[in-house]
Each structure stands twice: as C-alpha cells, then as structure tokens.
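The numbers here are math on the coordinates, done by the rules we state, and not lab data. Small disclaimer: the values here were computed from a predicted structure and weren't measured. Cβ: placed from backbone, ideal geometry, glycine included. Neighbour counts: every protein chain shown.
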Amino acid sequence: MPEQRWRSAAGQHLPFALVLGVTLLGLVRIVQYHWRQGVVLIGIALLLAALLRVLVTDEQAGLIAIRGRGVDALLYSGLGVAVIVVAMTITGGPFSR
C-alpha cells in the first residue's frame, strides 16, 4: 500500500515538475545572458502547462490546477503567447550584444 500512495503522489506532481524544469532551464539561459532564449523557454513552459492542464485529469494536474480546466488552459496559453511575442519583439536594451 505505501508504494501505491507514493506513485500517486509522484504522479500528481509530475506535470508541475515538467513545467518547473522548463522554467528553470529558461532561467539558466537568462543568467547566461541569452535572455531572449530564456524568456521564450518560460513562455514555452506556460504553453506546456496549458497543454498538460487540458490533457490530464484534475487530480493528476496537481499544482498546475488553479481554477477550472478551461480557465487555466486559456490563461496559461494566453500568457505564454504574450511572453513569447514580447520577447521576440523587443530590440536593443541592456542585454543586447
């Protein structure tokens, strides 16, 4: 029985772990002065959260479930697209090489 409980707990946090992993990779790229790539990766993490929110059940969504499934997917995808668009349209700035 304890093994079954561990699997369900690990499975419940897997979507959040995937999103967090992509976000951390984006933060690493930002720290390495590749800010545009890092911000795009963060936007991709938000799009991944939207996709996972649609595909998995409410119980499996774990920490990426905030509101209803539709609202979460709409907000995650909208924010992800907005972050990517802003990152791609900024020219110049203090991080330009």
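Assorted remarks:
- In loop segments of region 33-88 as defined by DSSP, the trypsin sites (Lys or Arg not before Pro) with at most 16 further C-beta atoms inside 10 Å of their C-beta are Arg67.
- The chain, relative contact order in percent, only Cα pairs under 8 angstrom and at least six apart counted: 30
- Principal-axis tilt of helix 69-89 within the chain, Cα atoms, nearest 10 degrees: 20
- Compactness check for region 46-97: Cα Rg over 2.2 N^0.38 Å is 1.46.
- Unit Cα scatterers, Debye sum, region 1-91: log10 I(q)/I(0) for q = 0.20, 0.23 Å⁻¹: -0.89, -1.04
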